[in-house]
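The structure appears below as C-alpha cells.
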C-alpha cells in the first residue's frame, strides 16, 4: 500500500478481534513512529505499550469520554470499548523539555500529533486498526502507569486487528472550502 492510499483508506477502528498482536508487527509500527520529524530532532515522544487485559480495562475506565457518556446515561461508548478490547494500547507521552517552545506555543503537541499519524498509518498499512483517544484522567493514568509528573500524556491509541472491515468513508469538506491561495478568502 502506498502512502496516499494509506491516508485515503485509513479509518478509526473501535471494535477489535481477539487475535493477539505479533510482537514483530507491533515493533514495526513503533519503529515507524520513531522516524517522525520533530522540533530540532529532539524526539520528545515516549510510548507505553499496555497489553495486560486488566490494565487496559482500567485505562478504558479512566477516559473522560467514558465519564461523559456515563453522565449522559449511555450504557457504553465505542472509544472506551476499543481501549478495553484492543490487544494493545499505546499510551502516547511527551517530555516537553525535549521539544521547543516559542511564543507560548509548546511544540510537543505538534511532535506527538505527527508521531500519532505515523502510528495510525503504519498500523493501517499492516492490516491493523487504530483510533485516537484524547480525553482521559491524566493524573490517574500517571499513577497507574508510574509516569513521571514531568511527562505529558497526549493520547491513547488502541491497536489491533479490526473486528470487521471498515469501509465507510467519512464525509470531508471539498478542497475549495479549505484552501486559500495568497490570502485568506481568495
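The values are calculated or read from the model by the stated rules, or taken from the named source; none is laboratory data. Remember, predicted model here, so these are calculated numbers, not experimental data. Here Cβ is always computed from backbone atoms with ideal geometry, including for glycine, and neighbour counts include all displayed protein chains.
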Query raised in the report: Given the structure, is residue 49 surrounded by fewer than 21 Cβ atoms within 10 Å (Cβ to Cβ), at pLDDT 95 or above, within 15 Å of the chain's Cα centre (by Cα) and not in a helix (DSSP H, G or I)?
Result: yes
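Those residues that are touching a residue at least 40 places away in the same chain (Cβ under 8 Å), out of contact with any strand residue (DSSP E or B) (no Cβ under 6 Å at 6 or more places or on another chain) and within 26 Å of residue 53 (Cβ to Cβ), I need them from the range 137-162; list them, please.
Correct list: 137, 140, 144, 147, 161.
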Requested in this report: Read through the list (1) buried (at least 22 other Cβ atoms within 10 Å of the Cβ); (2) over 20 Å from residue 83 (Cβ atoms); (3) modelled with pLDDT of 95 or more, then give the number of the only condition that residue 99 fails.
Outcome: (3)
Report task. Considering every residue within the range 140-149, establish whether at least one is surrounded by fewer than 15 Cβ atoms within 10 Å (Cβ to Cβ) and closer than 21 Å to residue 30 by Cα. Result -> yes
Query raised in the report: Is one or more of the residues making up the range 17-27 within 30 Å of residue 171 (Cβ to Cβ), surrounded by fewer than 17 Cβ atoms within 10 Å (Cβ to Cβ), modelled with pLDDT under 95 and in contact with a helix residue (DSSP H, G or I) (Cβ under 9 Å, 6 or more places away or on another chain)?
Result: yes
